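The values are calculated or read from the model by the stated rules, or taken from the named source; none is laboratory data. Bear in mind the structure is a predicted one, so any value in this text is a computation, not a measurement. Please note: Cβ atoms are built from the backbone with ideal geometry, for glycine as well, and neighbour counts cover all protein chains shown. Just so you know, the surface numbers come from the protein's heavy atoms only, side chains and all, with ligands and any DNA or RNA stripped out. Shrake-Rupley method; radii C 1.70, N 1.55, O 1.52, S 1.80 Å.
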Amino acid sequence: METYTIKDIARELGLSTSTVSRALRGSYEINPETKRLVMECAERLNYRPNPIALSLKGSASRAIGVILPQIANYFFSQAINGIEAIAYNRGYHVIIFQSQESYEREMANVQQAMSRKVDGLLMSLSSETSDVTHLQDVLDKNVPLVLFDRVSSELNVTKVVADNFGGAFAATEHLLQSGRRRIAHLTIQPWLSITQERLAGYRAALEQYGLEYDENLVRYGNFGADEVGPMIDGLMHLDSPPDAFFTASDRLAVGCLQALRQRNLHIPEDVSLIGFTNLNVADLLDPPLSTVVQPAQEIGQIAAERLIDQIERKLRALPIETVKIPTELVVRSSTRLEAVKL
């Protein structure tokens, strides 16, 4: 394959090489139309920056570290696709670490990333992480850090998240509008940001529809395959058992579906089920699962863009903020009112 350079793009568009270079870096000095023309030409010529050559120009490694709980989680695999797409086009390597939901392993991942002299870190916290001192240490060393999905309010960094409150509100409201009144919420560790935001959305929907919040209907857990069954048993043995389940993660959604079927509870005739999940096979499950879908790839892209902006523009970077991306409610047979009536 023929290799094209910045000079080829400049020649094609009649621009200077310095203008093309700054446009490719997303410089604020270049107007949006010129940036668009340069990016389109770069894509057409299949231009790719050479990270090694770029790193030789300065002390930068042209590498960013990405630390996340598990690649096997479909949300995170989609987020990685978004991160790598941006990083690749901007001339950065991506080094991926998995915490496997372990706080100790997450700390080791951070140390390893720092030892590799990454230019910045993208992170989503493990389910065990409540103390973020190890991340404050990263900031104290002036290494750019952006959090996504699972974030901490204790760190003054840019955060890129889904609208967890809005998504949970929409899911709960959908169940209420379909006639359900005893809605169980299966969720993960209570100190995680996504847990708190989704629980708040669930509670707000109940309140808006005049229903009292019942803490007996909320269960917290990890991700173990054998954990959901006992949760279901405990809930169904309440004096007033649930008539719907709203789960806050991929694994809880699938685990709940399996546990309900094993107990001969029919969905949606006996109970409705909806999950906060990005499972790509949700429509192939039996019954097809209603879901709140997070824009995982977009979250990854924006997180990568904001991190690279901090790396390259430093004090001129965009201000620290929380970027919130809307979710989408996808209604399928597991909650459909017409399915309940059959």
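ILE96: modelled with pLDDT of 90 or more, over 21 Å from PRO144 (Cβ atoms) and open to solvent by 20 Å² or more (accessible area, probe 1.4 Å), yes or no? No, not satisfied. Would you mind telling me which numbered condition in (1) open to solvent by 70 Å² or more (accessible area, probe 1.4 Å); (2) modelled with pLDDT of 90 or more; (3) not β-branched (Val, Ile, Thr) PRO32 fails? So PRO32 meets the others, but not (2).
Here is the figure for the range 155-199: residues that are touching a residue at least 24 places away in the same chain (Cβ under 8 Å), of a type outside the set (S, T, N, Q) and in a loop (DSSP other than H, G, I, E, B) total 10.
Every condition in (1) touching a Pro at 6+ places or on another chain (Cβ under 6 Å); (2) closer than 19 Å to SER178 by Cβ; (3) open to solvent by less than 30 Å² (accessible area, probe 1.4 Å) holds for LEU260 except the one numbered (1).
Selection over the range 66-90 of residues that are β-branched (Val, Ile, Thr), more than 22 Å from VAL143 (Cβ to Cβ) and open to solvent by less than 50 Å² (accessible area, probe 1.4 Å) gives a count of 0. Residues in the range 115-133 that are open to solvent by 40 Å² or more (accessible area, probe 1.4 Å) and touching a residue at least 40 places away in the same chain (Cβ under 8 Å): ARG116, LYS117, GLU128, SER130. When ILE302 is tested against the conditions (1) assigned to a loop (DSSP other than H, G, I, E, B); (2) in contact (Cβ under 8 Å) with a residue 24 or more places away in the chain, the lone failure is (1). When you scan the range 231-247, do you find a residue that is without any contact (Cβ under 8 Å) to a residue 60 or more places away in the chain, of a type outside the set (A, V, I, L, M) and either closer than 18 Å to VAL330 by Cα or open to solvent by less than 10 Å² (accessible area, probe 1.4 Å) (or both), even just one? There is no residue in the range 231-247 that is without any contact (Cβ under 8 Å) to a residue 60 or more places away in the chain, of a type outside the set (A, V, I, L, M) and either closer than 18 Å to VAL330 by Cα or open to solvent by less than 10 Å² (accessible area, probe 1.4 Å) (or both).
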